[in-house]
Amino acid sequence: VMQAILYVAHGSRVKAGIEEALRFIDQVKSRVAVSIQEVSFLELAEPTILQGVAQCVQQGATKIAVAPILLLTANHLNQDIPAEIAEAKIQFPDIEFTIGEAFGIDDRLVETLHQRLLEVNEELIGANVLLIGRGSSDSAVERDLAQIASRLKEKGNLNEVATCFLYGKGISFEQSLQRLVLENRKTFIIPYLLFSGLLKQHIETKIAGVQEINQAILLCNCLGYDEQVQHVFVDRIHQLIEKGRDIHEYT
């Protein structure tokens, strides 16, 4: 049996977003004792998942653990990645595939969010925070981000941690911004995103427009790829490889 890991990053139109993902994967690779480790992207960049699978097979892989670099479980994980792997299965019928979990709800990620707040302001007790999720048509994303928000509220002893989304279900980012302008109270905004691509630029532009009216809105850094995020991902990979030992067929 020859085990491989295929990392699946999101992909971005912004070169820096791709480079951040590759740097993160390089740091993770050194902490995983598997000899074949390849990178692929869901969209907007190459290699594709199918190209990544082919690279693993060329190096002699018989089992491929597909490790998604995704914050929350939604359509990418439930539909897009399985569809790609079903396709790969047709090309490589003898290979065993297992697909990993998203990072999900983890206190270490909450710890990083708290750090993002502290970077902007030491005095947080009673503060208001807005978490911006990428968004999805899958309502699980709304539920999961709400749980992360309530853990952050507890951890930081905050007044309120609200959530909104750039698209999909739930309160939109635009609606939340309008509310903040009307209420005119100090609010810290954290994009719940891994990389600073076009979405981050969009958020910055919108907030800059609102700051002219309301100085009390402060934008923090994205969740990003810090040490804690790395630990969570390495754990997900180890869980995935363990899972692969118990599964002989991906259906």
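Observations, loosely collected:
- Cross-link pairs beyond the 27 Å C-alpha cut-off, checked among LYS200/LYS243; LYS29/LYS63; LYS15/LYS153; LYS155/LYS200; LYS29/LYS153; LYS63/LYS200: LYS200/LYS243; LYS15/LYS153; LYS29/LYS153; LYS63/LYS200
- Only Cα sites of the stretch 134-234 enter the Debye sum here, all with the same form factor; the resulting log10 I(q)/I(0) across q = 0.12 1/Å is -0.42, listed in q order.
- The stretch 59-117 and the stretch 1-34: distance between their alpha carbon centers, rounded to Å: 12 Å
- Helix-only arithmetic for the chain: the sum of -39500 (n - 2.57) across DSSP H runs with n ≥ 4, divided by the residue total, places the mean residue ellipticity at 222 nm at -14500 deg cm²/dmol.
- Sorting 181-188, 136-143 by their mean Cβ neighbour count within 10 Å, with the most densely packed peptide first, gives 136-143, 181-188.
- Residue (of LEU124, LEU180, HIS231) at the positive-pole extreme of the chain, dipole from beta-carbon charges: LEU180
- At an R0 of 45 angstrom, the distance between the Cβ atoms of GLN178 and ARG31 translates into a FRET efficiency of 0.55.
- The chain - percent of accessible surface contributed by carbon and sulfur, probe 1.4 Å: 49 percent
The values are calculated or read from the model by the stated rules, or taken from the named source; none is laboratory data. None of the values given here were measured: they were computed from a predicted structure. For neighbour counting, all protein chains shown are included, and Cβ atoms are generated from backbone atoms with ideal geometry for every residue, glycine included. Side chains included, ligands, DNA and RNA excluded: accessible areas come from the protein's heavy atoms. Shrake-Rupley method; radii C 1.70, N 1.55, O 1.52, S 1.80 Å.
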